[in-house]
1. Could you give the size of the charge dipole of region 1-50 about its Cα centre, using +1 on the Cβ of each K and R and -1 on the Cβ of each D and E, expressed in debye and rounded to the nearest 20?
2. Viscosity 0.890 mPa s, temperature 25 °C: give me the Stokes-Einstein translational D for region 2-50 in µm²/s, with Rh taken as the Kirkwood radius over C-alpha pairs.
3. In whole Hz, with x marking every Gly and Pro, tabulate ³J(HN,Hα) for region 16-23 from phi via Karplus 6.51 cos²θ - 1.76 cosθ + 1.60, θ = phi - 60°.
4. Could you check the simple spin-label distance between residue 50 and residue 20, using points 7 Å along Cα→Cβ, in nm with one decimal?
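Nothing in this text is a laboratory measurement; each read-out follows from the coordinates by a stated rule. All values reported here derive from a predicted model rather than from experimental measurement. With ideal geometry, Cβ positions are generated from the backbone for all residues, glycine too; neighbour counts draw on all protein chains shown.
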Amino acid sequence: MAKDTHTSAGCQRFDYPHRNKCERGVILACLRTSSYSRAQTKRLVARWHENRLAEVPLVKRYRAPAAP
């Protein structure tokens, strides 16, 4: 959960949606210090971008186990 908070705070702090492609790449590199892979970091940022106006934008989604 701390890594999700780190990603969310970093995106807000650096105003991620309003940056150009080159600047977003630098921001992603900074966010990778949380030990997530490049792909996972991009997924977290995309999830943050989808619901960035929510109260807690990055919440782990729990689902019921699939029926056998």
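1. Magnitude of the dipole: close to 180 debye.
2. Roughly 234 µm²/s, to the nearest whole number.
3. Ordered by residue, 3J(HN,Hα) equals 3, x, 9, 9, 7, 4, 5, 5 Hz.
4. Going from the residue 50 label point to the residue 20 one covers 2.9 nm.
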